[in-house]
1. Given the rule -39500 (n - 2.57) for each run of at least 4 DSSP H residues, summed and divided by the residues of the chain, what is its mean residue ellipticity at 222 nm, to the nearest 500 deg cm²/dmol?
2. Taking a Cβ-Cβ separation under 4.7 Å as the criterion for a possible partner, which cysteines of the chain have none?
3. What percentage of all Cα-Cα pairs in the chain are separated by more than 33 Å?
4. Compute the normalised compactness of region 85-194: alpha-carbon radius of gyration over 2.2 N^0.38 Å, N being the residue count.
5. Using alpha carbon centroids, what distance separates region 40-84 and region 303-334, in Å?
6. Compute the distance in nm between two label points, each set 7 Å from the Cα along the Cα-to-Cβ direction, one at Asp57 and one at Ser428.
7. Can you tell me the orientation of helix 25-37 relative to the chain, as the angle in degrees between its alpha-carbon axis and the longest Cα principal axis, to the nearest 10?
8. Once the Cα atoms of helix 4-14 and of the chain are each reduced to a long axis, what angle between those two axes, in degrees from 0 to 90 to the nearest 10, is obtained?
Amino acid sequence: MISRAALVGLAFGLSSHVHVNAQNQTRMMLDSIARLVDGSVQGLEDEFFDEITSCMDQAPNLVESHDAAWAGFESYFLTNGTGSDGWGACNAAAGCKQYKESNLTEMDVDKIGIYEPCNSASNLAYYRTAIGVCDHDGWAMPATSQQALIQSYTHLAMGSFFWHGSHSFLGNVADNRLIDVFAFITYQVSINNFLDPEGNQTTFAILRDLNTTLRSASAEESSQALTDMFIEQPIDTWQAYIENLDMPNYYVTFSALVANILSLIASDDTVNTIFDAMAEAFSLPDDIYAFMEGTYFPTLRAVTKEKGISLTKLERVSLGFKMTGSMVKMLYAFLWQEWVLVFGPNDQLMLRPRINKLGAALMPGVNAFANLLTGFTHTDDNVQNAEDVYPGDARCRVQQAHSKWHEEGGNGLLDLMMLSDDCYALTSKASERTRRYDEGSDDRWGNFAVSMVTGWQDTVASIVGF
């Protein structure tokens, strides 16, 4: 009798496309992951899987693409990667960052070896982020942006699992570059009302593409291209394809996102002070800092003045609270990333068992405080209460710092999406106020009164939660 491993290996050997025999691959792999970290279960909870599938159905080709992606993961193990890459190739000797968890454990599908079981399984929390996008009512952003976010978070769940499970160079690229994708989508939503596609193309490129020349694709287009790649491209081309996606590093993107939102809230001097402090805390590379200070800030401020985009005081206060709450979750997540914010003797404080246990216990309180500040509506109480978020979380959350990074990061990123969407909605209103004022020269006081009353009413309603 021919084994499943032999059949899959034969199938992938006969075809350069990884979608061969990939139907239902997602379910098979997620069930095996659940058993990997929790021997008491038969597989992933049906309700959770149904929510994942229902959410993926909202984005073009995503169900087929995700099956193909998981089939590629299995194939990469069976063939031990490519000639220049393989299972375990991206190790410390090769210059790849390693994490505290090191516990090579076999899945019950083809005995696939997983180097970091908890840090791998915790990536299933990103499915909760995608579901949060699907379930949120009242997005201001276009439906195409929502679909791109669903695609990117779904891909990240698999891509980051690929890295922590395989320690391969392909997995490493998939993890890091897929962060670039959703970060770029989020940023382009926030900046949309500042853009003039028919105007100066250098200005357009700086603000939309975070580059001095236009990129070959928008963030949404890149997300769809990535989704199609898993279906259409041979797995031995995935690494180069992902690396060559024309989008900025997420350090650039998150810097610009924070700068854009801060600029709507505070004075230029205050923004500069806060940005400098954050750049130092997160060790922002010199070239990115130079781009932000020398190119991005001057361009953003000139366009803001030219378009007359200005929020009311209450709008700035509301946006400030929401940004603060979003940053609370993200900063708490970064405490557990293991490489970004480090403390104590030999930078090991956040890896100590007692500290990790305390960190897990504090997560529900941190989430509650952040939610109080933002006022955002969350539909998944499990995520906010840090309970039954992914298989094995009760153990992994306590034992592994990086597992908390995935869980809290996924939670915080959903808030960041809502913050970006709020920025888009508020700047749309601000642009409309300016347009009505400019066009209504015969009734400027009337326009002023209407805009003020409408702005106060909407802002107070958003703060109170109506």
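The values are calculated or read from the model by the stated rules, or taken from the named source; none is laboratory data. Nothing here was measured: the structure is a model prediction, and the numbers come from that model. Ideal geometry is used to build each Cβ from the backbone, glycine not excepted, and the neighbour counts take in all protein chains shown. Just so you know, the surface numbers come from the protein's heavy atoms only, side chains and all, with ligands and any DNA or RNA stripped out. Shrake-Rupley method; radii C 1.70, N 1.55, O 1.52, S 1.80 Å.
1. On the way: 21 runs with 302 residues, N = 466.
That calculation yields -21000 deg cm²/dmol at 222 nm.
2. Cys423
3. 37
4. For region 85-194, the normalised Cα radius of gyration is 1.24.
5. Their Cα centres are 36 Å away from one another.
6. The modelled label-to-label distance comes out at 2.7 nm.
7. Between helix and principal axis, roughly 80 degrees.
8. The angle comes out at about 70 degrees.
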